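K.L.:
This is the structure I have questions about; it appears just below.
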Amino acid sequence: METIEVGCAIIRKDGRLLIAQRNLNDSYGGYWEFPGGKREAGETIEECLAREVFEELGVRIRPEKPLCRHTHELPGRKITLCFYFCDWTEGEPAALDCKDFRWVMRQEIGQYRFLPGDLEVLEALKENWEEYFKVRGNCR
């Protein structure tokens, strides 16, 4: 069974999280997600996150620390989602390889239809917002 690792970036700036909307022709087209993508052979998950977020949104990030990993089994393959807290370092987002993006506040997150694999992490973020982000403060 094929296993695919996917990096998922939790990027916070000024009390908001950066989320991206999948292109309509992608699987789960139109759903929202934490930016990121598939790890390529020979790269670390941190390198994957930095590359994918830049390709998708044109911003530079620095993966800081892992939050969790979740594995989902689909017919013929396993997908491991690797969620990381990331520092936004430079650039303003643009929808380069996604349909749209948003900086959202805690109370706005529930208005968006997220990928099933992101829902558990999304709930944990909403419930533990202050705890997760108090040490980090606001990223630039």
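K.L.:
Would a scan of region 85-105 turn up a residue that is over 25 Å from residue 39 (Cα atoms), at pLDDT 90 or above and surrounded by fewer than 16 Cβ atoms within 10 Å (Cβ to Cβ)?
P.N.:
Yes: region 85-105 contains one or more residues that are over 25 Å from residue 39 (Cα atoms), at pLDDT 90 or above and surrounded by fewer than 16 Cβ atoms within 10 Å (Cβ to Cβ).
K.L.:
Have a look at 38, 13, 78 and point out the one that is more than 12 Å from the chain's Cα centre (by Cα) and farther than 20 Å from residue 133 by Cα.
P.N.:
78
K.L.:
Name the pairs whose Cβ atoms lie under 7 Å apart, with the first residue in region 116-129 and within 15 Å of residue 9 (Cα to Cα), the second assigned to a helix (DSSP H, G or I), and 6 or more positions between them or separate chains?
P.N.:
122/109; 125/132
The values are calculated or read from the model by the stated rules, or taken from the named source; none is laboratory data. The shown structure was predicted, so the numbers you read here are calculated from the model rather than taken from an experiment. Backbone-built Cβ (ideal geometry, glycine too); neighbour counts: all protein chains shown.
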